[in-house]
C-alpha cells in the first residue's frame, strides 16, 4: 500500500473561460495514477454543469457554485476543503491522496493559493502542488492580449497546456507559443491532444519540491537565461551585476530597456544575475518590503541564490505575496555559482527593481562577517 | 501565547529559515541566533531611518518598532514590519522609491 502523504498536495487547474479545463480534468481523472484524487469544482453561474461533464459524481467531488473562488466564495473554499478533510479522517469518504481544484475561467489564482497556504487549519494538512493553466489554441492569443486575468493565470502556472491544437492550424499554435513564453518562460508546456498527457508529470513532481534538485533548477535558469533571451553584460556601478535583456529591448537604447513584454506592455519577465554572494538577511528585508508594497504585481519570483556563508545554493519561489519556505539545495546545478533571480511582474520597471535590490545589498551598515 | 504578556506566537516566516547553517532559528545555538537577530535589526534600521522609525529586539521573540515620539508597535517578523511601519507613519514604505534608493546609494558611495 502506498504511504499516506504527510500533507495532501492541492493542485489548481486554471485557464480562461472555455479553454478546456474540465476536458483536461476529465482526461487526467481517467489516469490510474490519480485514482485517489478528490476534486473541487468552482463554477460561476446559476446552474453548475462541469461536475456532470466529469462523469464521476461521488462524495469526493464538491461543486462550489454561484460565485468565483477568488472573490465571493473564498471562505467557502476553505470550508469545503476542511469538510473534505474531516470526512476523510473519520472514514466517511474514500481516502484521497490529492486534491484538484478547478477554478472558474475568471478567477485570479492567487487568492486560491493563498487560502491553502495561509489558512491556519489547512496549512497543517494540505500543501500547494502545481498550478496548471490551460490556453485555448484557437482563441488564446486574443484572450491573452485582452484579458488581464488570463495573462495572470499563465504567468503563475507551473505547468502549461495548450488545448484544442487539433482545431487550430500549426502556424497559429507556433505564433501562440512565443506569447505564452513571454509571460512564463519557465513552465513545461504540453499541447493536447497532440502530446501524450502525462498525468503524473502534470500534477505531481511539484515544481517547488523539485527546486531542491539540481537538475530541475538547472532547467529553470537554462530556460530563462539561454532560451529566447539574450545575455547582455553591462557595466554596473558595482561591476557585479549582469543584466538579461531581450533582443527587442536593445533597440531602445540606454542601459535599461523594457524586458520581454507582451500583455499591453504590462506583464513581463526578466532575470537578474548577481556575481557576488548575496546577504540573506538583507535580501529578506528587501523582498518582504517589495512584496508588502507591490505584491499583487509580482506574479512570480524564482531564484537560486548564492548566499553568503552557505556552501550550497538556496532556492526561493514566490507567487505574489506568497513565498514558499526557501529550499536548501543539495548542490549547485552546474559550474555557475552566481545568484540568478527570475521575476515575472505586472507593470513594474525592471531597472528600478534591479537598482533597488543592488542599493539594499551594497549596504555599508551591515558588514556582517562570516563566522 | 505567552502567559505573562498575552502575545500570540506567530507562524514561521520564510525569512526565518536557516540561511547559513547553524546561524538562525530552529537551532540550539542561542548566541548565534541572538547575533543574527541583532544584525537583522541593524540592517532594517538602515532602511527604517528614511521613515523616522527605529526597530529593536524584544526578548528574542519579537521586535519593537517605534517612532521618534515613542509610538510603538510589536512586530512578529519581517512581513509584519512594513505593514506596521506604514501604519505608524501613515506613509508608504516602498523599496522602489527613488528617494530611498538614492539615499542608500549615497551611503554606499
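Between residue A:87 and residue A:142, what length in nm is gained on full extension when 0.36 nm per residue of separation is reduced by their alpha carbon distance?
Values: separation 55, 0.36 × 55 = 19.80 nm, distance 4.28 nm.
Residue separation times 0.36 nm, minus the Cα-Cα distance, leaves 15.5 nm.
Give the separation of the Cα centroids, segment B:59-107 to segment A:119-166, in Å. One Cα centre to the other: 35 Å.
When B:75, A:135, B:47, A:121 are sorted by how many other C-beta atoms sit within 10 angstrom of their C-beta, beginning with the fewest, the order is A:121, B:75, B:47, A:135. The ranking of A:83, A:279 by Cβ neighbour count inside 10 Å, starting from the fewest, reads A:83, A:279. Residues A:197, A:176 in ascending order of nearby Cβ atoms (within 10 Å, fewest first): A:197, A:176.
We did not get these values from a lab; they are worked out from the coordinates using the rules stated. Note that the structure is a prediction, hence the values are computed from the model and not measured. Here Cβ is always computed from backbone atoms with ideal geometry, including for glycine, and neighbour counts include all displayed protein chains.
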